[in-house]
Amino acid sequence: MDERTVRRRLVRIRQKLEGKSRHEPVANSPVAASSSLPRVGYNEFVLGKLIGSGGFGKVYHARMQSDDRGVAVKFLRKTYWQNDPARHSFLREINIASQIHHPGIIRYVAHGESPHGGPYVISEWIDGRPVHALDRVTAAQFIGWLLQICETLEAVHQAGLVHGDLTPSNVLVDSHDRITITDFGFSQASDSGPTSVLGGTLGFAAPEQIDPSFGAIGIPTDLHAIGGLVHWHLFKQPPQSGASAVEMMSRTLHSEERFFRPPTGVPPALHQIMEATLAPAPADRKITLTQITNLLRGAIHSGHTIESLGK
């Protein structure tokens, strides 16, 4: 497929995404309702340093005026303040996450709007770092994190939801190797079918998140994300990389078969998980979250780990 064709497809997908986001919230999804969390005024917290920045927002460390506790405040970028689909996607994050009570899920405490009309959400402060910022991670560490991620995703799926954007940037690890999953902006009902909202991060996104002709977004989409995390750990890059968004889209949509050659000494379980979950078609990801969890536990019990990767 040439670049012009890919660009036309990208435009059509974006138009479809914007239309659905504006007029058709996912049926029976908790995000359709307004947030039950309290509104907090802009003068009720003191901003600290910038700790993260993405395409849609920026995250700052802050302290609440009332009790001096640390929190994280995520602001929607000014570019999107007047964009209804973007605002909806941004604010739906707190509605989604607040439905799930699990220690591995970020806990939101409030939301609000700046004096100039910019929405923000406030979450608990996690004293940790995203997976993508961590170097020289041992296989044993990573397998332990991935097991926690799978157990947390189980709670997400039991709530009838799909995360939809699980990447190394959206998983925090603290000093005790505990993980917290953040960024539920692309989450949705797992049975939403072909009218679901597209999304995800290019390079990590599953094909069905870019082109609905691959099928509905569902639990296999999160399984693909697990494979993406393994791929990042082994190769320090997403499953699909490219010099531009168009190139990454094209590679995601047109990779018929994927053959991975992991570094020497990689635990067989990680290679098996990556191969099974990164199949382009959702129906071909013939593995369940329970099976992945069992593989990881088996790797831990058998001691199939190496000291570090990428030496």
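Looking only at residues of the stretch 151-167 that are surrounded by 24 or more Cβ atoms within 10 Å (Cβ to Cβ) and either small (Gly, Ala, Ser) or at pLDDT 95 or above (or both), we find that the one that is nearest to residue 104 (Cα to Cα) is 153. The set of residues from the stretch 100-116 being surrounded by fewer than 19 Cβ atoms within 10 Å (Cβ to Cβ) and modelled with pLDDT under 90 comprises just one member, 101. For the stretch 168-178, the set of residues classified as surrounded by 21 or more Cβ atoms within 10 Å (Cβ to Cβ) and either among the acidic types (Asp, Glu) or in contact with a His (Cβ under 9 Å, 6 or more places away or on another chain) (or both) consists of 170, 171, listed by residue number. All but one of (1) at pLDDT 90 or above; (2) under 28 Å from residue 138 (Cα atoms); (3) not aromatic (Phe, Trp, Tyr) hold for residue 239, so report the exception by its number. Here residue 239 clears every test but (1). Of the residues 287, 300, the single one that is of a type outside the set (Lys, Arg), modelled with pLDDT of 70 or more and more than 22 Å from the chain's Cα centre (by Cα) is 300.
For every residue, the table says whether it meets (1) part of a loop (DSSP other than H, G, I, E, B); (2) among the hydrophobic types (A, V, I, L, M, F, W, C); (3) modelled with pLDDT under 90.
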position: 35; (1), (2), (3): yes, no, yes
position: 43; (1), (2), (3): no, no, no
position: 51; (1), (2), (3): no, yes, yes
position: 68; (1), (2), (3): yes, no, no
position: 88; (1), (2), (3): no, no, yes
position: 91; (1), (2), (3): no, yes, yes
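Suppose the filter is at pLDDT below 65, buried (at least 16 other Cβ atoms within 10 Å of the Cβ) and closer than 23 Å to residue 169 by Cα; does residue 274 pass it?
Taking the combined requirement at face value, the residue does not satisfy it.
Here the stretch 204-222 is the region considered, the condition is being closer than 24 Å to residue 131 by Cβ and assigned to a helix (DSSP H, G or I), and the residue that is nearest to the chain's Cα centre (by Cα) is 222.
So which residues in the stretch 117-145 are in a loop (DSSP other than H, G, I, E, B) and either surrounded by 21 or more Cβ atoms within 10 Å (Cβ to Cβ) or in contact (Cβ under 8 Å) with a residue 12 or more places away in the chain (or both)? Result: 117, 118, 125, 126, 127, 134, 136, 137, 138. Consider the stretch 69-92 and keep the residues that are over 18 Å from the mean Cα position of the chain (by Cα) and of a type in the set (Phe, Trp, Tyr). The one that is nearest to residue 115 (Cα to Cα) is 81.
The values are calculated or read from the model by the stated rules, or taken from the named source; none is laboratory data. Please read these numbers as outputs of a predicted model, since none were measured by experiment. Glycine gets a Cβ as well: all are built from the backbone with ideal geometry, and neighbour counts include every protein chain shown.
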